[in-house]
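*Asks:* Following this message is one structure expressed as C-alpha cells.
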Amino acid sequence: MKRFVPLVLVLLSFSLGICPAHATIDDALSFALEAADPYVKEGFTVREDYWGGDLPVKTTKAIVHQLFKGNEYWFWMGTDQKAAKISVHIYDSAGNLAETESWQKPHFAAARVVPKKTGSYYLIVEVEKSPDERTFWSLAYGFK
Amino acid sequence: MKKALALALVALPVSVFAATPDAPHHIDVTKLPDQARLIDNVVVPVPSEIFGVLDKLGLRPGDWVAVQRPISGVIHPTGEQPQIALLLGTVIAEGFVAVEARDSAQVKQVGKSVLSLSTALDVNDAIKPRALAITQAADKKDWAKVREELDHALEDVKKAMIRLNSESLSQLVSLGGWIRGTEALTAVVGNNYTKDGAELLHQPVLLEYFKTRLDGLKPKEKSNPVVTRVQNGVRDIRPLIGLADGVDVSEKSVREINGITSDLVKSINSKVP
C-alpha cells in the first residue's frame, strides 16, 4: 500500500495542475531574477515576493502597488518562452506614464521608476507576441 | 502558484492601450475593469523600503531614540495566537527603530524576543539562523546588515506560517509590524513635521489590503479582542492617510494616527486584552 502513495500523490498533483504551473512560473521568475542581477551590483535590494501567472497574446494585466517617493525602483519581468515579446510599464494613480526608462529583450522586460509621489501605482504587464496560446510570466522588483 | 502574489491582477482589454509599439503616455484608469482595483494579493513593502526613505530625509539617531519602546529582558508570548502574531510583527518593527537609533543592545533583545515569539507560533526553526545573524550584525554595528536580516526574518516567518497553513496569522505579523512602524514614523514626523515625511503615510493600497485581510479572518480569530481593536483602528486610520492622491497628510492627521497606533501597540502588548 505504502508504495502506491507517491504514485497517487503524483497523479493528484498533475490532476490539480500543480506541477506544470509551478515549474513554468518558477522558470519565468528565474529569468526575471536574471534580469535583476546586474542591478543588485548597483545597490538594488531585490524583494523575495513576486507576481506571476500566464497570459494569452495581446492581453494585459494590471497590478496595483505601493511606491514611496525617495526610493528608486526597477521592475523586472521574465518569461521562459524565448520567442515571446513581453512588456512592463508603470503608471501613476492618474494614469500617467511614470517610468523613467524601460527595455525589452528576449525572455525579459524591465521598467524603472523614481516616484514623484508616494502612493498607488499601476504596473501593466503584457504579452505582446508569443507562439504559445498562453505564456507564463513573472514580475519581480527591487528598490534602493 | 507557490509564491506568486497575484493580488490585484486583472485582465485588461487591449483597447485600453494604444496599439503602438511604445507605451501610451496616458491610460484611463477609471476605465479599467472594476476587478483591477480589487486588492487581493498585494505585495506589502518591506520596512526597509520606508526606512530607506527616512534615511534620505536626514533624520538623526537621536530622533529615533526618543520613539523607542525599550525591551527589557525577552518578550514572552501573550494571549492567543493572533495576538502573538501581531506582537511578533511589532517586535520586528522595534528592531528597525533600534537600528535607526544605533542601539545594538536593543537589537539583540529584539533578536531574542523574535525567537521566543516564533517558538510559540511553531516557526522557530525558520527564524533561528536569522535571529543569530541579527545578533552578530548588531555586535559589529553593521546596521545595513541588521536591517537586511530583519527584512528576511519577517519574510521567513511569513513563509513558514504559510507552510503551516497559517496564512492569516502571517498577515497579522505584517500588520503588527506596520502598526508599530507607523507609530514610530508618526512620532518622528510629528516631532518635526514636513510634508515629505508625512507623505510616507499615504498608503491607501496597503490600508485597503489590511482591511480586506482582517475582514476575511476566521470567526475565531476575528473575535479575539485585540484583533477587533486592530480592525477598528485600521478603519479609523484609513481616512486620515489621504485616500485620494495628491492630498497632503496634515500635521493633525499625523498626530491622530500616532494616537491610534500607540493605543494599538499597547493593546497588542497587553496581558489583559
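*Asks:* Yes or no: segment A:93-107 includes at least one residue that is over 22 Å from A:ALA28 (Cβ atoms), among the hydrophobic types (A, V, I, L, M, F, W, C), free of Cβ contacts under 8 Å to residues at least 60 places away in the same chain and surrounded by 18 or more Cβ atoms within 10 Å (Cβ to Cβ).
*Replies:* yes
*Asks:* While we're on this one: With the structure loaded, tell me whether B:THR212 is within 22 Å of B:GLU155 (Cβ to Cβ), among the polar types (S, T, N, Q) and modelled with pLDDT of 95 or more or whether it fails that test.
*Replies:* For B:THR212, the condition - within 22 Å of B:GLU155 (Cβ to Cβ), among the polar types (S, T, N, Q) and modelled with pLDDT of 95 or more - is not met.
*Asks:* Something else about it: Can you name every residue in segment B:53-84 that is within 14 Å of another protein chain (Cβ to nearest Cβ), more than 18 Å from the chain's Cα centre (by Cα) and touching a residue at least 60 places away in the same chain (Cβ under 8 Å)?
*Replies:* If the condition is that a residue be within 14 Å of another protein chain (Cβ to nearest Cβ), more than 18 Å from the chain's Cα centre (by Cα) and touching a residue at least 60 places away in the same chain (Cβ under 8 Å), then B:LEU57, B:LEU59 are the ones that fit.
*Asks:* Just to verify a result, which residue in segment A:108-134, among those that are part of a loop (DSSP other than H, G, I, E, B) and in contact with a Lys or Arg (Cβ under 6 Å, 6 or more places away or on another chain), is nearest to the other protein chains (Cβ to nearest Cβ)?
*Replies:* Among those that are part of a loop (DSSP other than H, G, I, E, B) and in contact with a Lys or Arg (Cβ under 6 Å, 6 or more places away or on another chain), it is A:THR118.
*Asks:* Still on this model: Go through A:TRP137, A:TRP76 for me and flag whichever is assigned to a strand (DSSP E or B) and either within 30 Å of B:LEU54 (Cα to Cα) or among the acidic types (Asp, Glu) (or both).
*Replies:* Result of the check over A:TRP137, A:TRP76: A:TRP76.
*Asks:* Touching a residue at least 40 places away in the same chain (Cβ under 8 Å) and in contact with an Asp or Glu (Cβ under 8 Å, 6 or more places away or on another chain): which single residue out of B:VAL265, B:VAL254, B:VAL226 fits that description?
*Replies:* B:VAL265 is the lone residue from the list that is touching a residue at least 40 places away in the same chain (Cβ under 8 Å) and in contact with an Asp or Glu (Cβ under 8 Å, 6 or more places away or on another chain).
*Asks:* Please indicate, with yes or no, whether at least one residue in segment A:108-116 is without any contact (Cβ under 8 Å) to a residue 12 or more places away in the chain and within 28 Å of B:VAL247 (Cβ to Cβ).
*Replies:* no
*Asks:* List the number of the failed condition for B:ASP215; all other conditions in (1) over 15 Å from the mean Cα position of the chain (by Cα); (2) over 30 Å from B:LYS128 (Cα atoms); (3) in contact (Cβ under 8 Å) with a residue 40 or more places away in the chain hold.
*Replies:* Status for B:ASP215: all satisfied but (3).
*Asks:* Take segment A:71-89 and flag every residue that is of a type in the set (Gly, Ala, Ser) and touching a Pro at 6+ places or on another chain (Cβ under 8 Å).
*Replies:* Listed by number, the residues that qualify are A:ALA83, A:ALA84.
*Asks:* Quick test of your reading of the structure: A:PHE68 fulfils all but one of (1) more than 8 Å from chain B (Cβ to nearest Cβ); (2) under 30 Å from B:ALA198 (Cβ atoms). Name the failing condition by number.
*Replies:* Failed condition: (1).
The values are calculated or read from the model by the stated rules, or taken from the named source; none is laboratory data. The structure displayed is predicted, hence computed values, not measured ones. All Cβ positions, glycine included, derive from the backbone under ideal geometry; neighbour counts span all protein chains shown.
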